[in-house]
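The values are calculated or read from the model by the stated rules, or taken from the named source; none is laboratory data. Everything numeric in this text was worked out from a predicted model, so none of it was measured. As a convention, Cβ positions derive from the backbone with ideal geometry for all residues, glycine included, and neighbour counts pool all protein chains shown.
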Amino acid sequence: MSARADINSDGRWLGVYVLGYLVFLYLPVLLIPLFSFNNSIQAAFPLQGFTLEWYRTLYGNPALSDALANSLVIGVIAAFGATLCGITVSYMDLYGRSPLAATISAIARLPILIPGVIVGISLLILVNLIGLGPSRVSIVLSHILVALPTTVVVMRSRFAAIPKTIREAALDLGASDWTTFRRVMLPLSAPAVLSAFMLSFLISFDEFIVVFFLAGTEPTLPLYIWSQLRFPRSLPTVMALGTVILTVSFIIAGTAEILRHRGLGAARRNPA
Amino acid sequence: MSTIAGTRPLPENRISPVFRFAMLLPGGLVTFFLILFALGLVVFLAFRGNDGSLLGVGLTAENFVTVATDPLYWTVTLRSLVIAGLVTLATVVTAYPVAYYLAFHAGRRRNLLLFLVTLPFWTSYLLRVFAWKIVLAYNGVLNSAFIETGLWKEPTLAFLNTPAAVVVTLAHAYAPFAILPIYVALDTIPKSLLEAASDLGARPFTSFRRVVLPNSMPGVLAAALVVFVPTVGDYVTPAMVGGPASTMIGTLIQSQFGKANDWPFGAALSVCVMLVILCVVLVARGADRRFGSRT
């Protein structure tokens with residue numbers, strides 16, 4: 001009994017620690033929304049009263065809306081590309097049974113071990129060499145690369161969770177590889193596909209370190225924020241914009257996580 | 001396309017070449033062209049001289065000689081390693097208890113907590129760093145809060161533009177990276193091992209030290225790696241909260257491809273960073289093998 005009591009008191013202290021850790025994790029980020037409603041140009045205490053003025057400055061700002069449109073278009077195309085690559089790479093890694101497929105899957109996860117600045121400069125050299133130069137196409141290519149490890153990991157764990165017998169049954173019943181992939185495996189992993197798409201969109205939408213090297217004349221939203229940080233006067237506007245971005249990120253990431261786990265749970269409950 | 005079912009030896013053997021090609025094409029293009037070829041270009045450029053053209057001129061090791069002989073690069077590299085090392089240590093040590101709680105004590109709250117610790121991972125890195133800028137600034141959150149509570153009379157400049165600010169900001173920004181690998185390692189330790197330890201008379205601390213900790217080392221090493229790699233090459237945080245005394249190797253690489261405009265030299269610096277990372281990966285691999293990797 002005493003050992004059990006020990007474990008419980010351990011758990012309680014650890015629980016307090018975890019709570020403190022979560023506060024440390026969220027508190028600095030939550031200061032951005034707090035001060036975005038503060039009626040002062042400085043982010044400092046005491047709070048000076050509630051205002052929506054900074055949110056009003058977001059409207060009718062052509063540079064901002066151009067950057068937003070850029071980020072949305074780039075994010076959707078890059079997410080499409082990264083998800084397509086993630087699906088095919090992880091499917092062939094699991095079922096292709098070829099050294100080439102395994103190699104591609106290993107290289108696809110390599111960017112985790114390369115600092116963003118080196119990914120950025122290597123692509124800068126590449127796009128200049130092939131004549132694209134810094135442009136939106138270059139940014140899309142770079143974001144496919146940056147999001148690829150995530151989509152591969154998400155899709156691979158999802159495909160691995162589908163019982164092998166399902167695919168074998170489809171092949172036994174005469175379905176071609178393509179039909180098995182399109183009519184059986186892809187629908188069964190639909191929640192993960194959606195999750196991978198949303199997460200790679202978020203990665204592209206928030207990405208700064210690589211895009212810094214590849215932007216031409218049309219900045220994305222993080223680059224717009226970076227350019228505004230030089231001016232102390234635009235600090236509150238950046239905080240209002242940051243609040244909007246954080247809210248959207250939380251919603252998209254939350255939905256993606258729920259989709260990922262719900263899908264897996266259903267597969268485990270009804271294995272056949 | 002269709003083959004006769006029933007006489008197949010193994011389903012894998014009858015993958016049609018067309019299907020295989022189509023499925024390998026997108027991933028193959030991205031991995032071989034955008035990753036391997038692009039990295040190869042960096043290595044190539046590192047051995048060229050700077051004449052202002054895209055791919056430089058000649059074949060020379062001069063860039064590496066400069067890196068090796070100029071004390072500035074030793075200082076900055078050493079500083080990057082120390083900062084990244086401290087950040088890695090801080091994130092892994094603080095993340096371990098959280099992962100431990102998730103694996104052994106969280107119970108029904110486990111999924112909610114896992115969700116909460118991974119959520120910041122998906123928010124903008126730039127905004128997380130920016131948050132620390134407003135916390136640490138001269139007329140920022142921390143200073144004004146201390147003056148408001150009467151702890152200090154005057155705001156202090158001591159927070160912003162220090163290497164310590166870089167360490168704290170990076171540790172916060174990369175905190176979510178560390179928890180998941182450690183949690184997975186702890187969660188996959190067979191419960192029978194822990195029962196065996198306590199059956200054989202090990203006290204809780206002994207069983208933690210001799211059973212849980214060694215078995216979770218692969219997760220700890222993986223966590224250390226995923227924090228160390230992005231922090232050692234970071235240039236955003238030093239620029240935002242670090243000031244001139246915190247210039248890191250990523251800052252130098254970035255300026256070679258920007259203001260300094262010496263791409264071959266920047267490429268050589270990048271190759272050096274990749275070599276350092278390769279060494280760290282090999283050390284981690286070796287340590288992983290010593291602890292008997294289960295991955």
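When A:Ala101, A:Ala67, A:Ala79 are screened for being among the small types (Gly, Ala, Ser) and under 23 Å from A:Pro232 (Cβ atoms), only A:Ala67 passes. If you check A:Ala3 against the conditions, is it within 11 Å of another protein chain (Cβ to nearest Cβ), in a loop (DSSP other than H, G, I, E, B) and at pLDDT below 90? Answer is no for this residue.
So if I check each of A:Ile130, A:Ile77, A:Ile114, A:Ile121, which one is β-branched (Val, Ile, Thr) and within 27 Å of A:Pro191 (Cα to Cα)? None of the other options fit; the residue is A:Ile77.
Yes/no matrix, rows are residues, columns are (1) farther than 30 Å from B:Asn111 by Cβ; (2) hydroxyl-bearing (Ser, Thr, Tyr); (3) in contact with a strand residue (DSSP E or B) (Cβ under 8 Å, 6 or more places away or on another chain); (4) touching a residue at least 24 places away in the same chain (Cβ under 8 Å):
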| position | (1), (2), (3), (4) |
| --- | --- |
| B:Ile147 | yes, no, no, no |
| B:Trp152 | yes, no, no, no |
| B:Leu157 | yes, no, no, no |
| B:Asn161 | yes, no, no, yes |
| B:Ala175 | no, no, no, yes |
| B:Leu180 | no, no, no, yes |
| B:Pro190 | no, no, no, no |
| B:Leu200 | yes, no, no, no |
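A:Pro134 meets all of the listed conditions (1) in a helix (DSSP H, G or I); (2) more than 10 Å from every other protein chain (Cβ to nearest Cβ) but one, namely (1). Of the residues making up the range B:239-286, just one is among the aliphatic types (A, V, I, L, M), surrounded by fewer than 19 Cβ atoms within 10 Å (Cβ to Cβ) and outside any helix (DSSP H, G or I), namely B:Ala260. Scanning the range B:252-272 for residues that are within 10 Å of chain A (Cβ to nearest Cβ), touching a residue at least 60 places away in the same chain (Cβ under 8 Å) and within 21 Å of the chain's Cα centre (by Cα) gives B:Leu252, B:Ala267, B:Leu269, B:Ser270, B:Val271.
Among the residues of the range B:23-47, which ones are surrounded by 22 or more Cβ atoms within 10 Å (Cβ to Cβ) and part of a loop (DSSP other than H, G, I, E, B)? Answer for the range B:23-47, where residues must be surrounded by 22 or more Cβ atoms within 10 Å (Cβ to Cβ) and part of a loop (DSSP other than H, G, I, E, B): there is none. Selection of first residues in the range A:73-96 that are over 30 Å from A:Glu168 (Cβ atoms) and of second residues that are not in a helix (DSSP H, G or I), restricted to Cβ pairs under 8 Å at least 6 apart or on distinct chains, gives the following pairs, ordered by first then second residue: A:Ile74/A:Thr220.
Residue count for the range A:99-126, restricted to those that are under 12 Å from B:Leu41 (Cβ atoms) and more than 8 Å from chain B (Cβ to nearest Cβ): 0.
Selection of the range B:139-188 for residues being polar (S, T, N, Q) and either on the phi > 0 side of the Ramachandran plot or not in a helix (DSSP H, G or I) (or both) yields B:Asn139, B:Thr149, B:Thr156, B:Asn161, B:Thr162, B:Thr188.
Screening the candidates A:Ile41, A:Ile77 for the property of being surrounded by 13 or more Cβ atoms within 10 Å (Cβ to Cβ) and within 22 Å of the chain's Cα centre (by Cα) yields one hit, A:Ile77. Taking the stated definitions as given, is A:Ser90 within 26 Å of B:Val226 (Cβ to Cβ), hydroxyl-bearing (Ser, Thr, Tyr) and crowded, with 23+ Cβ neighbours inside 10 Å? Yes; evaluated as a whole, the condition is true for this residue. If you check B:Leu78 against the conditions, is it free of Cβ contacts under 8 Å to residues at least 60 places away in the same chain, closer than 28 Å to B:Leu225 by Cα and out of contact with any Pro (no Cβ under 6 Å at 6 or more places or on another chain)? The answer is yes for B:Leu78.
Of the residues making up the range B:94-109, one or more are within 18 Å of B:Val166 (Cβ to Cβ) and at pLDDT 90 or above.
Scan the range A:139-171 for residues that are within 18 Å of B:Pro26 (Cβ to Cβ) and small (Gly, Ala, Ser) and jot them down. If the condition is that a residue be within 18 Å of B:Pro26 (Cβ to Cβ) and small (Gly, Ala, Ser), then A:Ser142, A:Ala147 are the ones that fit.
Search the range B:163-173 for residues being away from chain A (no Cβ under 13 Å) and surrounded by 22 or more Cβ atoms within 10 Å (Cβ to Cβ), and hand back the single one that is nearest to B:Leu112 (Cα to Cα). The selected residue is B:Val167.
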